[in-house]
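Colleague: Supplied in structure tokens, the structure appears directly below.
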Amino acid sequence: LAQIRDITFVKAIDVLGVIYNSRSGNTRLRWRQITGTLGRLTGIASLNSIVNLLESKVITREYVEGLISSGAALAQTQGREQRESREE
């Protein structure tokens with residue numbers, strides 16, 4: 001229907017899932033429909049992507065704070081850094 005920069009917008013009905021991989025490779029997200037417009041978002045996101053998800057109200061500040069306090073975000077970041085250092 002419309003294109004802005006390198007994003008093409010289309011009209012879709014009954015979307016079951018969305019897969020997003022950033023060009024840099026720092027963000028890999030999957031959204032799967034649960035019911036209606038509700039779904040589950042999984043994957044690894046860069047800090048910039050997390051800010052964008054917060055601003056677009058896909059995730060809440062409380063959710064991010066919970067991730068940080070549990071150490072899940074830090075563990076994933078450290079794991080990615082270790083994989084990258086092994087590849088070099």
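Colleague: Rounded to the nearest 0.05, what FRET efficiency do T60 and R5 have when you use their Cβ-Cβ distance and R0 = 30 Å?
Modeller: After rounding, the FRET efficiency stands at 0.60.
Colleague: Okay, moving on. Just flag the trypsin sites (Lys or Arg not before Pro) in the range 4-45 sitting in loop per DSSP whose Cβ has no more than 11 other Cβ atoms within 10 Å.
Modeller: When the trypsin sites (Lys or Arg not before Pro) of the range 4-45 are filtered for loop state and at most 11 Cβ neighbours within 10 Å, R5, K11, R23 remain.
Colleague: Using R₀ = 25 Å, calculate the FRET efficiency as 1/(1 + (r/R₀)^6) where r is the Cβ-Cβ separation of I34 and I68; round to 0.05.
Modeller: Working from the Cβ atoms, E equals 0.50.
Rule-based calculations on the coordinates, nothing more; no lab input. All of these numbers come straight from a predicted model, not from anything done at the bench. Quick reminder, even Gly has a Cβ in these numbers, built from the backbone with ideal geometry, and neighbours come from all protein chains shown.
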